[in-house]
1. With the condition kept exactly as written, say whether any residue in the stretch 42-50 is loosely packed, with under 11 Cβ neighbours inside 10 Å and either modelled with pLDDT of 90 or more or assigned to a loop (DSSP other than H, G, I, E, B) (or both).
2. State which residue is nearest to the ligand (Cβ to nearest atom) when the search covers only the stretch 129-140 and only residues that are surrounded by fewer than 14 Cβ atoms within 10 Å (Cβ to Cβ) and among the small types (Gly, Ala, Ser).
3. In this structure, is Thr34 modelled with pLDDT of 70 or more, within 19 Å of Thr86 (Cβ to Cβ) and not assigned by TED's automatic domain parsing to the domain that holds Lys133?
4. Which number in (1) over 20 Å from Ile154 (Cβ atoms); (2) under 23 Å from the mean Cα position of the chain (by Cα) marks the one condition that Gln74 misses?
5. Looking only at the stretch 88-128, filter to residues that are of a type in the set (Gly, Ala, Ser), part of a helix (DSSP H, G or I) and farther than 29 Å from Lys143 by Cα; which one of those is farthest from the ligand (Cβ to nearest atom)?
6. Report yes if Arg126 is surrounded by 11 or more Cβ atoms within 10 Å (Cβ to Cβ) and without any contact (Cβ under 8 Å) to a residue 40 or more places away in the chain, otherwise no.
7. Being among the aliphatic types (A, V, I, L, M), at pLDDT below 90 and more than 16 Å from the ligand (Cβ to nearest atom) narrows it down to one residue among Ile154, Ile165, Ile158; which is it?
8. Give just the number: which of (1) within 16 Å of the ligand (Cβ to nearest atom); (2) part of a helix (DSSP H, G or I) does Lys143 not satisfy?
Amino acid sequence: MARNNRPLSMTPAAIRQRLSRANATGERAAQRNTAERQRHRTRNNTETLEQRVLRLELNRTRRLARISLETPEQRQQRQDLNRIQTQNRRAAQKLNIANAARVRRNARTIPEESVDEFSCGPMEFRCQYCQSKNFKGEMAADKKFTNCCEKGKIELRILRTHKLITKLMKEEHPQSKNFMENISSKTVHWHLHPWERK
Ligand SMILES: [Zn+2]
């Protein structure tokens, strides 16, 4: 209820957040889904029936309003995103089931210290389309990545930034050094210039 001042159309930041969620590996998605389910369950248990009906109705109205305002491009983005999220959710569910079965099978027979450490290697493989960083194992045979932007199919609009901010950040302003040293949070920076994320 506290979030009813949220904008109706999907902002680039929201899309980016959903993309980064969609980008999670199956394992991480599985963990997050469990945590999210728990959180929702807690909330839903403390809700009255009336609150629940209201919440669901509000969600539905917001969704419909959002969809009605979409450009064809946004609609395509949303559908692509939904598809990826569904795929990931299914993969996560499968993984959860497989993990649970494995834990049951192995619980008594394999001491943890005998399991070899596994490393995914450095996360330094850039997607040529969205510049996301990936593990080598995520790279398809054509050296492209599907988890981030589905091989460039999902293209995020570049956020417009005020000229002054751009100058400050590109060290083209006398106060650039001061600005960058005192910028309150790197997160703000990344929000403005996601392509500069290192
Ligand atoms: Zn990508």
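The values are calculated or read from the model by the stated rules, or taken from the named source; none is laboratory data. On a predicted model such as this, the values are computed, not experimentally measured, just so you know. Please note: Cβ atoms are built from the backbone with ideal geometry, for glycine as well, and neighbour counts cover all protein chains shown.
1. Yes: the stretch 42-50 contains one or more residues that are loosely packed, with under 11 Cβ neighbours inside 10 Å and either modelled with pLDDT of 90 or more or assigned to a loop (DSSP other than H, G, I, E, B) (or both).
2. Step by step, filter the stretch 129-140, then rank; the result is Ala140.
3. Yes.
4. Looking at each condition in turn, Gln74 falls short on (1).
5. Within the stretch 88-128, the match that is farthest from the ligand (Cβ to nearest atom) is Ser114.
6. yes
7. Ile165
8. (2)
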